[in-house]
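A short reminder: the numbers here are calculations on the coordinates, not readings from a lab. These figures come from a predicted structure and were not determined experimentally.
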């Protein structure tokens, strides 16, 4: 798949759970249909928002299988394949059937805190092993290390199958440096819902969103309007969602978005330990802001 197909809005889909802690497959079906109806451009499966680290290997396979079945190839799917064990990721990419996916999203190694050269070598190994295009994922708030802008450019220029970066550093200046120096057809994808509009205004290409789980139409319309420089429309939708989006992350993700999804009768709000649901203050604010 060509990189331009990941322009627009991707959604980091949540994994719904029942009160017993099992995967809620009927709710997952409802959510996939909700996203398709909301006209998002693609779905990201097994991302951080999907609580992938708390799913067993068998659960991951069943969730993937279910989403593929419900989706029926209506939207492109991206699979989260990342971690801090490079050889394990490489083995996964070589052995797993990835035929239902158009790309992988691979988070920068967490906890290990590698140097920039270590990050480069990590992604070099993944690029050599992956049969699919790769979207880098920089989220220093979770990994405790940052992919420097020049490391991103180095990877983008040296490996043609590294096609994009999901930038969730919150550092607009860093994102602009990537935009300025990137090679042709390399995409910059926002990983922060509330700065997606200014990033697109600076030259970014879209977003992988959390809030779009609940509001796929409004958020994807905002992104599409931004991409055609209709900022009057985009600003109206951005500010409609801004305060709610801020509260989604006030007491942990995906607890916030799952609570809003429960208000909209799409899923229940249960998360798996060590995560817990948002505190009562945040819930009250989300309930007031949700629509």
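A few comments on the model shown:
- Bridge orientation summary for region 3-235: considering DSSP beta bridges with both residues in this region, about 5 percent are antiparallel.
- Over the Cα atoms of region 1-111, the radius of gyration divided by the Kirkwood radius equals 0.95; this is the Rg/Rh ratio.
- Gyration tensor (alpha-carbon) shape descriptor, region 184-267, a/c threshold 1.5: prolate
- Measuring how big region 6-45 is from its alpha-carbon positions, Rg and Dmax come out at 11.4, 38 Å.
- Projecting the alpha carbon convex hull of region 3-235 along each direction and taking the average yields 11.9 nm².
- Averaging the sequence gap over all C-alpha pairs within less than 8 Å and six or more residues apart, then dividing by the number of residues, gives region 3-235 a relative contact order of 21 percent.
- Cα centroid separation, region 2-55 to region 104-182 (Å): 23
- The Cα-based radius of gyration and maximum Cα-Cα distance (Dmax) for region 108-234 are 14.7, 44 Å.
- Ellipticity estimate at 222 nm from DSSP helix runs (n ≥ 4, -39,500 (n - 2.57)) divided over the chain, nearest 500: -13500 deg cm²/dmol
- Three-way shape label, region 127-191, alpha-carbon gyration tensor, a/c 1.5: oblate
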